[in-house]
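Note sheet for the following structure.
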Amino acid sequence: EPYYFEYNGTGNYSIASTLENIDPMWNVYLEDKITGAMHNLRTSAYNFSHQATNRKDRFVLHIHALTTSVNEVSNDNGPIVAMQNGTLNVRFSGAAASRKLEVVDLSGKVLRTVVMENATAAEIDLSDFAQAVYLLRATGNGSVSVTKFVNVR
């Protein structure tokens, strides 16, 4: 969902939320479309600089369910993933890079492979996949990250 911020002045601001009406089993990320940052609002407020000429729809709020059937592993270099209408949206922070993305089931079987060439984001069509827990294995820049997600329709 777009998150609007409109002000005719210039300055430094913060966006924070108490998240009291959002289940603690859901991830809440704020995407800044101007800087490309993806920020976890559960960990801290998002600080940003604003110019009067910035577009008002610069922010997108991403909310998606966590699962507890697989151990959580924290990886600050891993991607942010979100399901939307059968499509897995994958975004990496930082510079564009080449990566191999593999959608893996919980038995370890690779179900789909996508190669990103010098990019920070990708979309993977999973509309033909069952509703279940999957893993996204991202390989590139000498590292491997694994991110758990739920295919929900």
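Bear in mind that the values in this text are calculations on the coordinates, not laboratory data. Bear in mind that the values here come from a model prediction, so they are computed numbers and not experimental data. Positions of Cβ are backbone-derived with ideal geometry, glycine not excepted, and every protein chain shown enters the neighbour counts.
If each residue of separation counts as 0.36 nm, what is the full-extension length gain between A95 and T43 once their alpha-carbon separation is subtracted? Let's see the in-between values first.
Details: separation 52, 0.36 × 52 = 18.72 nm, distance 2.30 nm.
Result for the pair: 16.4 nm of gain on full extension.
With N residues in the chain, what two-decimal value do you get for its Cα radius of gyration over 2.2 N^0.38 Å?
Working: Rg = 16.5 Å, N = 153, 2.2 N^0.38 = 14.9 Å.
Against the empirical 2.2 N^0.38 Å value, I get 1.11 for the chain.
If you place +1 on the Cβ of every Lys and Arg and -1 on the Cβ of every Asp and Glu, how big does the dipole about the Cα centre of the chain come out, in debye to the nearest 20? Could you put the intermediate results ahead of the total?
Working: 13 positive and 15 negative charges, 50 e Å.
Dipole about the Cα centre, nearest 20: 240 debye.
May I ask you to work out the translational diffusion coefficient for region 10-50 at 4 °C, viscosity 1.567 mPa s, via Stokes-Einstein with Rh from the Kirkwood sum over Cα pairs, reported in whole µm²/s?
Numbers: Rh = 11.1 Å.
Result for D is 116 µm²/s.
Efficiency by 1/(1 + (r/R0)^6): what FRET value for Q131 and N8, r their Cβ-Cβ distance, R0 = 35 Å, to the nearest 0.05? Let's see the in-between values first.
Numbers: r = 46 Å, r/R0 = 1.30.
My answer for the efficiency is 0.15.
With θ taken as phi - 60° and the coefficients 6.51, -1.76 and 1.60, list the Karplus ³J(HN,Hα) couplings across region 35-51 in order, rounded to whole Hz; mark glycine and proline as x.
8, x, 6, 10, 10, 7, 6, 6, 8, 5, 6, 9, 9, 8, 9, 10, 10
Calculate the spin-label point distance for K56 paired with T18, positioning each point 7 Å from the Cα along the beta-carbon direction, and give it in nanometres.
Each label point is offset 7 Å from its Cα along the Cβ direction, giving 2.7 nm.
How are the Cα pair distances of region 92-153 distributed, in percent, across 5 Å bins from 0?
4, 17, 29, 25, 15, 9, 2
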